[in-house]
1. When only alpha-carbon atoms count, how far does region 191-329 stretch along each of its three principal axes, as whole angstroms with the largest first?
2. What does the charge add up to near P333, with Lys and Arg as +1, Asp and Glu as -1, over the other residues with Cβ less than 14 Å from its Cβ?
3. Compute all pairwise cysteine Cβ distances in the chain, then list the cysteines with no distance under 4.7 Å to another cysteine.
4. Among 382-389, 371-378, how do they line up by average Cβ neighbours within 10 Å per residue, starting with the highest?
5. Considering only protein heavy atoms, what is the solvent-accessible area of S56 at a probe of 1.4 Å, reported in Å² to the nearest 10?
6. Could you state how much accessible area R403 has, in square angstrom rounded to the nearest 10, with a 1.4 Å probe and all protein chains kept in place?
7. Over the chain, give the accessible area per residue in Å² for a 1.4 Å probe, as an integer.
8. Largest first, what is the accessible-area ranking of H189, H76, H161, H311 with a 1.4 Å probe?
Amino acid sequence: PGCEATFVASAGAQLFRRPLDAREQQDFEALFAAVAAEEASFDEAAGAVLEAMLQSPQFLYLYLDETAEERVVRGHAMASRLSYFLWLSAPDEALRRAAEAGELDSAEGVAAQAERMLDDPRARRSTARFIYDWARLATLPNGDGLKPELVEATVAFYQDHVWERGEPLLSILTSQSAALTPALAERWHLESLGDGVRFYDTSELEGRGGLLTQPGIVAGMTNADGGEIVARGLFRLDQRFCRDAPRPPADLQTIIEGFLEELPEDASDRLIAETRLERGDCATCHATFDPLAYGFEQLDYRGGFRTEDDHGNVMRTDGWIPGQYTVSGFNEPYADLDEYTAALARNPEVQMCFAQRHVEHAMGTQLGDRQRAAARDLALELVTGGGDYRALVLAIVTHDVFRTYAAPEEAR
């Protein structure tokens, strides 16, 4: 006697990530009794209850107490928010106990649990998922069979920087290392260091350092069938500056065909892009993102290094960051990719955007206006403190943006 109630309460707490309320406990006990009344065994009745729980909204969706005072995330709701951010999984027993004890109702209690969770190997799941999504690795084509290596190497590079090096997070943009497999090293004209993913010192290599030159990152932001400058510029506009691209004109294809007819068949991508910027009907949009891709011309769509295109045109590395994205309000020129990545690393908009993307990852959603403002606060804190990934996580989970529910109008 009582085993049914104990089973329902225990299973419900784990699957729903919180204790069952009285109505839920009663309903699932009734289901257990109804199945058992048909001469089913304990295991069969328990199985029916589990099947029902696994199909219920309480399991399929995260628990949010929308009636919480001042919209503060507390208790089991905070346990779920923390656990799915840092472990991509349901809260463990220690986190559930902390929620029951009210330890997650304060920023200090949340920070203490986050510290514990960051020391657990499961925390690597979150950073792997972040870079996988940020670099859009799921969309990589695999016609040449390189996708698994591109994914593995990109994730390894980010994980190494975050967990092994312990350096300031933003220094990943100028890191003088690369994670490469033998096939990827060959595309960079480097002698392989051995099988699997190995780490290469890039301090003596021009234009091949930092996060943005990693082959998987380059592949994730590039169209394999052409249009590299446009695709890469749009990626950087979105993922480096958190800006939306302008809406293209309705007669876009007609405009493209018109000016391409005026160019030689062996025109370089840079010449095509520069021609676009000379045309008012094209420049309105393309001036906001094409220049963001110029410095990466020497990297092909799989991240391999090249000095000429298929027509023999010399690949350039100079360019500029448009004035609307710089502190001065003027275009910021650079001579090569090393100068460009250094300029990006110190650009306040880039710093803010990188923090914002991590906050979005933590929240599992895009941010509203108030939350984006919070991301700017976090970016400033990260830069001034020279913070590593752990510092950013602790700043996020103790900030109001993580510890409160966004009002409907704020989430838009």
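1. Per principal axis, max minus min of the Cα coordinates gives 51, 38, 24 Å.
2. Residues near P333 contribute -4 overall.
3. Within the chain, the cysteines lacking a partner Cβ under 4.7 Å are C3, C282, C285.
4. For the peptides 382-389, 371-378, the packing ranking is 371-378, 382-389.
5. Its accessible surface works out to 10 Å², give or take rounding.
6. In the full protein context, R403 sits at about 30 Å².
7. 47
8. Working: H189 130, H76 30, H161 0, H311 105 Å².
In descending accessible area the options line up as H189, H311, H76, H161.
The values are calculated or read from the model by the stated rules, or taken from the named source; none is laboratory data. Only a predicted model underlies this, so the values are computations on that prediction, with no experimental measurement involved. Backbone-built Cβ (ideal geometry, glycine too); neighbour counts: all protein chains shown. Heavy atoms of the whole protein, side chains included, go into the accessibility calculation; ligands, DNA and RNA do not. Shrake-Rupley method; radii C 1.70, N 1.55, O 1.52, S 1.80 Å.
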